[in-house]
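Student: Got a structure for you, written out below as structure tokens; questions coming shortly.
The values are calculated or read from the model by the stated rules, or taken from the named source; none is laboratory data. What you are looking at is a predicted structure, and each value in this text was computed from that prediction instead of being measured. Please note: Cβ atoms are built from the backbone with ideal geometry, for glycine as well, and neighbour counts cover all protein chains shown. Protein only, heavy atoms only, side chains kept; ligands, DNA and RNA dropped before computing areas. Shrake-Rupley method; radii C 1.70, N 1.55, O 1.52, S 1.80 Å.
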Amino acid sequence: MTTSTADHTARHCPLCRRPLQEPNDYTLFLRQWVRAPARMGAIAPSSRRLAAAVCAPVPERGEPVVVELGAGTGPFTAEIQRRLGGRGRHLAVEIDPLLAQRLRHRHPGAEVIQRDAVHLRRLLDERGIEKADVVVSGLPWALFPSATQHQLMDATAAVLAPAGAFTAFTYLHAVPLSPARRFRELMANRFEEVVPSRTIWRNTPPAFVLHARRPRP
């Protein structure tokens, strides 16, 4: 997907020449979902409660490196920025150009990278980062085929520090589906510890978080 020059300038009504109002997060998210449902994974941005649960491993002290995969409209981005409070580094990886553009405007403290997350090791190398302390995922893992799941999990485990943490979420309705079961098995194989959270009902749709620590070699 590419963007035109108009995507980077103010849009105006062709009749009155007044600036057009930018779409809200829900509208933009739904619009991008219609264009690429497999890439987006959901029809609405994640709730604040889900963002708080997913971002819980972000350290309260020090200068951590936090990598965010599939930042979308930024609910996890905002929570990570709040927890960091100007400390460390925050890399937000988002493949969709329109969403990445909004993230850069809204969260200047995050380093927004418009690339595919499967190239995570290369993205960190290009920025002189050896390891990440936390990887937070907003990707729709249950929608990915097996090969893509393995690529992304390998890339994630490869960049995490030995004591690093990885968090991802899955929707409650997807639990019995084979891709979701495959993803949970993959996490268990690649990490020494995987702990599920309680169901977060105040999210559309309801979801729960998988907290993983200590990637296996």
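Student: I need every pair where a residue in the stretch 191-217 that is over 11 Å from A168 (Cα atoms) has its Cβ under 9 Å from the Cβ of a residue that is in a loop (DSSP other than H, G, I, E, B) and of a type in the set (S, T, Y), sequence separation at least 6 or different chains.
Tutor: Listed by first residue and then by second, the contacts come to I200/S47; R202/S47; N203/S46; N203/S47; T204/S46; T204/S47; P206/T199.
Student: Suppose we filter the stretch 166-176 for residues that are without any contact (Cβ under 8 Å) to a residue 60 or more places away in the chain and open to solvent by 20 Å² or more (accessible area, probe 1.4 Å); how many remain?
Tutor: Total meeting the criteria: 4.
Student: From the list P196, P215, P179, which residue is open to solvent by less than 50 Å² (accessible area, probe 1.4 Å), in contact with a Leu (Cβ under 9 Å, 6 or more places away or on another chain) and farther than 20 Å from H119 by Cβ?
Tutor: Answer to the selection: P179.
Student: Take G41 and tell me if it is within 21 Å of A174 (Cβ to Cβ), at pLDDT below 95, of a type outside the set (S, T, N, Q) and crowded, with 24+ Cβ neighbours inside 10 Å.
Tutor: For G41, the condition - within 21 Å of A174 (Cβ to Cβ), at pLDDT below 95, of a type outside the set (S, T, N, Q) and crowded, with 24+ Cβ neighbours inside 10 Å - is not met.
Student: Follow-up. For G138, indicate whether it is open to solvent by 30 Å² or more (accessible area, probe 1.4 Å), on the phi < 0 side of the Ramachandran plot and in contact with a helix residue (DSSP H, G or I) (Cβ under 8 Å, 6 or more places away or on another chain).
Tutor: no
Each row is one residue, and each column tells you yes or no for (1) surrounded by fewer than 22 Cβ atoms within 10 Å (Cβ to Cβ); (2) more than 22 Å from S46 (Cα to Cα); (3) over 14 Å from the mean Cα position of the chain (by Cα).
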residue: V93; (1), (2), (3): no, no, no
residue: L98; (1), (2), (3): yes, no, yes
residue: V112; (1), (2), (3): no, no, no
residue: E126; (1), (2), (3): yes, yes, yes
residue: I129; (1), (2), (3): yes, yes, yes
residue: A132; (1), (2), (3): no, yes, yes
residue: H150; (1), (2), (3): yes, yes, yes
residue: A161; (1), (2), (3): yes, yes, yes
residue: G164; (1), (2), (3): no, yes, yes
